[in-house]
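Readers should treat all values here as calculations from the given coordinates under stated rules, not as data from a laboratory. For clarity, every value in this text was computed on a predicted model and none was experimentally measured. Virtual Cβ from ideal backbone geometry, glycine too; neighbours counted across all protein chains shown.
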Amino acid sequence: MKIVRLWLVNFRNYENAVIEFAGHNLLVGLNGAGKTNILEAIDILATSRSRIAKGLNKCIRRGQSGFALNGVFASPPAGELTIAFRQERGAARTIKINDEILARSSELIGRVNSVIFLPGDLELVQGPPAARRKYLDILISQTEREYYADLQNYTRALKQRNELFKNLRSPGLPDTARNRAVGVWDEQLAEYAGRLMLKRREYLDFFARETAGLYSALGFAGAVAVRYKTDVAPDKSQNLERLASSRAEDLRFGRTHWGAHADDFEFWLDDSKAAEFCSQGQRRLLAIAFKCAEAKIKTEKLNDPPVVLVDDVLLELDAERFNQVITAIAPQSQKIFTVTDTGRFAAGLLDKLKIIKITQGKIL
């Protein structure tokens, strides 16, 4: 997949701008010029949300009531795909694909194959478990619709079970009635948790191999591991037993302790947990290698290389490693990089990039 053209209206610091993209692109401009805003706009067209701002209203240009984005994507053999996105302040967003209005923003998931590298990716290594789960759930949902349906069903059952526990804390309610009511949701949680776990394990096994391989291929020292932490079993009956054993504690606290919502994964370098013992530079390299693996798994699962968006994540590397990583990132994909200047790029590499200069929300 490639993005051919992007049109932004009242988005961030862009009043009205159109950008034509080539196979490999370099957005060049000073800090604050609006380079990252372009990557954010493309990512919104792919996911219906911003990974940079909390709430799309923050993306509306100052003094305006809303913003509009329009992206034209090419994905052989399907042809061109046009996505139009409008967000009005205090109103629901409107999304069109080839002039057909989507009933729900979730229908956009999986339509644009893309990967974005952000400085905030460091949170994958050192951040909270919830951030890693969310990342993994979004990734798998983009490549496998069945997973997204299972995740929705699991989340709904979990919410209902937790609400039930809050209502069942009355001391006068018989245990048999309480257990009967909870059992309905236990059945669903046990089933969907097993499905989610198996798919998460499949993806994390892939990530572990690819992240370790790329980290080593780039000449960085240390053996990389990605370890999945879960108490969920593939067998439904085992999961039902675990739910039953934690029922008293769940009732006491009014929430479900066991399940796929408590899963996590960790990065290790040699025998050290990266979040606790690795340097900031090592964590950054692990995150970059992990995101490269995301691009590869999307290529394989969708038989279509993703659009790769890279925002200033390589600043800590020396010039040699910088160019090594630039070359290693998703070699089959269209790429869009942001930089403040072109000085660190090798001449042979720079010649292959379309340079798009940006200053204060204007395309030069």
Virtual spin-label span in nm between Asp318 and Leu122, 7 Å along Cα→Cβ: 2.1
Computed over region 154-293, the ratio Rg/Rh where both radii use C-alpha atoms and Rh is Kirkwood: 1.14
Computed [θ] at 222 nm, helices only, for the chain once each DSSP H run of length n ≥ 4 contributes -39500 (n - 2.57): -14000 deg cm²/dmol
Estimated dipole of the chain in Debye, rounded to 20 [Cβ of Lys and Arg +1, of Asp and Glu -1, Cα centre]: 1060
Relative exposure of Trp7, Trp258, judged by other C-beta atoms within 10 Å (fewest first): Trp7, Trp258
Square roots of five times the Cα gyration tensor eigenvalues for region 1-113, Å: 21, 19, 11
Point-to-point label distance, Asn31-Ser106, nm (Cα→Cβ direction, 7 Å offset): 4.0
Listed residue pairs exceeding 27 Å between alpha carbons, taken from Lys2/Lys159; Lys199/Lys236; Lys54/Lys291; Lys199/Lys273: Lys2/Lys159
Region 270-364, dipole about Cα centre (Lys/Arg Cβ +1, Asp/Glu Cβ -1), debye to the nearest 20: 400
Share, in percent, of DSSP beta bridges within the chain that are antiparallel, nearest 5: 70
For the chain, built as a Gaussian network whose Cα springs stay under 10 Å, the top-fluctuating residue of Val308, Val184, Val232: Val184
FRET E, pair Asp205, Ala68, Förster distance 56 Å, beta-carbon r, rounded to 0.05: 0.85
Nearest-0.05 FRET efficiency for Leu168 and Ala78, computed from C-beta distance (R0 45 Å): 0.35
Sequence ranges 149-155, 336-342, ranked by mean other-Cβ count within 10 angstrom, highest first: 336-342, 149-155
Order by protection proxy (mean Cβ within 10 Å, highest first), peptides 284-295, 28-39: 284-295, 28-39
Of the DSSP H helices in the chain, those whose Cα atoms cover at least 30 Å axially and whose Kyte score averages -1.0 or more: 175-217, 280-302
Spin-label model distance (nm) - Leu198 vs Val18, 7 Å beyond Cα toward Cβ: 5.0
Under Karplus coefficients 6.51, -1.76 and 1.60, residue-wise ³J(HN,Hα) of region 8-16 in Hz, glycine/proline x: 10, 10, 6, 9, 6, 9, 9, 7, 6
Efficiency of FRET between Thr327 and Ala275 - r from beta-carbon atoms, R0 25 angstrom, step 0.05: 0.30
Values of log10 I(q)/I(0), in the order q = 0.09, 0.13, 0.15 Å⁻¹, for the chain under a Debye, Cα-only, solvent-free model: -0.58, -1.09, -1.32
Selection of trypsin sites (Lys or Arg not before Pro), region 67-96, meeting DSSP coil and at most 12 other Cβ within 10 Å: Arg89
Label zone at Glu266 (point 7 Å along Cα-to-Cβ), backbone N below 17 Å, region 232-247: 232
